[in-house]
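Q: Pasting a structure below so you can have a look.
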Amino acid sequence: MIQSLLRSMELLEVLKEKNRSFSIAELAEAMDLPPSTVHRILQTFCEKKYVVRDERSHTYRLGPALISLGKAAAKSIRLQDAAHPILNALSERTVEDSYLIIPVGNKGLVIEKVDGPSHLKVVEEFGYEMYLHCGAIRKVLLAYQSPAFIDEYFKNIIIHDRAFPHVRPADLRAELEKIRRDGYAITHGDYVTDAYGIGAPVFNSEGEIAGSIGIIAPGIRIDSDEHLNNQLALVLHFAAELSADLGYVPHSSVMSD
């Protein structure tokens, strides 16, 4: 591990363990480092609000930016824990590799994967990142972002960047609108030749999109529309089950006479 990064992590650990404010001298003594080195690390953390400085006492303590990081980590851990048995069931029923993907900036990150039994597969592993317009499972994540996020994504990624896969902006916007209407995405050959992707959204207890799950399969195994629709039904079923496990309650429409 890079030495400076290790020192930075150790500094946060010192601040966390004691849960109080420290002077530079105290941190330097606790970490057995020169005060100048500690000061440089603190300056960087203060810029990002991971650490805050008390101007009166000239001491340092953990900052508010770590709160959102902690909450995000907690949500991801809970999501992974809840998703694993559901992905197992999805792979067992579909006989395909199944994935849980979350949005990280402009990309979708694989944070859980369960292998299906077949040796012929499309390889995407844990920790794999690609742009959000790449494949069905990621497109679901993009479709359920805010209009402002989508506009920025088009501006920075689709229009002014050579991001793979190349798409026409109008076609992608129409596809995203269809995904929102249908509640799922199906792609064929989006970034792997003759591979099918099926993705569906997963919502948390606040009704926000927490991630997406789905399958990726070589086209040779999707041999009919009936088989494709059966696989879609399974993805939708298990996505709804995972959402329910996270506390999501779909809005029910009230019928009037």
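Q: With the condition kept exactly as written, say whether any residue in region 67-87 is at pLDDT below 90, of a type in the set (A, V, I, L, M, F, W, C) and touching a Lys or Arg at 6+ places or on another chain (Cβ under 7 Å).
A: So far as region 67-87 goes, no, none of its residues is at pLDDT below 90, of a type in the set (A, V, I, L, M, F, W, C) and touching a Lys or Arg at 6+ places or on another chain (Cβ under 7 Å).
Q: So which residues in region 5-18 are in contact (Cβ under 8 Å) with a residue 24 or more places away in the chain and either farther than 17 Å from C46 by Cα or loosely packed, with under 12 Cβ neighbours inside 10 Å (or both), if there are any at all?
A: Matches in region 5-18: K16 only.
Q: For residues that are open to solvent by 40 Å² or more (accessible area, probe 1.4 Å) and among the polar types (S, T, N, Q), scanning just region 187-220, find the one that is nearest to A82 (Cα to Cα).
A: My answer is S205.
Q: Suppose we filter E226, E206 for residues that are in a helix (DSSP H, G or I) and among the acidic types (D, E); which single one remains?
A: E226
Q: Keeping to region 141-171, report how many residues are outside any loop (DSSP other than H, G, I, E, B) and within 18 Å of I101 (Cβ to Cβ). Show your work before the answer.
A: Taking region 141-171 as the starting set, the residues that turn out to be outside any loop (DSSP other than H, G, I, E, B) are 141-143, 147-159, 169-171.
From the residues that got through so far, the ones that are within 18 Å of I101 (Cβ to Cβ) too are 141-143, 149-150, 153, 157.
Going through region 141-171 one residue at a time, the tally reaches 7.
Q: Quick one: E92 ticks every box in (1) surrounded by fewer than 15 Cβ atoms within 10 Å (Cβ to Cβ); (2) modelled with pLDDT under 90; (3) more than 18 Å from the chain's Cα centre (by Cα) bar one, so which box is it?
A: E92 satisfies every listed condition except (2).
Q: Please name all residue pairs, on different chains or six or more residues apart, with Cβ atoms under 6 Å, provided the first residue is in region 27-38 and is at pLDDT 95 or above and the second residue is surrounded by fewer than 16 Cβ atoms within 10 Å (Cβ to Cβ) and of a type in the set (F, W, Y).
A: Taking only residues 6 or more apart or on different chains, not a single pair turns up.
Q: Run down D182, D245, D225, D194 and say which single residue is out of contact with any helix residue (DSSP H, G or I) (no Cβ under 9 Å at 6 or more places or on another chain), among the acidic types (D, E) and over 22 Å from L132 (Cβ atoms).
A: Details: D182 fails: over 22 Å from L132 (Cβ atoms); D245 fails: out of contact with any helix residue (DSSP H, G or I) (no Cβ under 9 Å at 6 or more places or on another chain); D194 fails: out of contact with any helix residue (DSSP H, G or I) (no Cβ under 9 Å at 6 or more places or on another chain).
Just one listed residue meets the conditions, D225.
The values are calculated or read from the model by the stated rules, or taken from the named source; none is laboratory data. What you see is a predicted model; the values in this text were computed from it and never measured. Using ideal geometry, Cβ is built from the backbone for each residue, glycine included, and neighbour counts are taken over all protein chains shown. Only protein heavy atoms, including side chains, enter the accessible area calculation; ligands, DNA and RNA are left aside. Shrake-Rupley method; radii C 1.70, N 1.55, O 1.52, S 1.80 Å.
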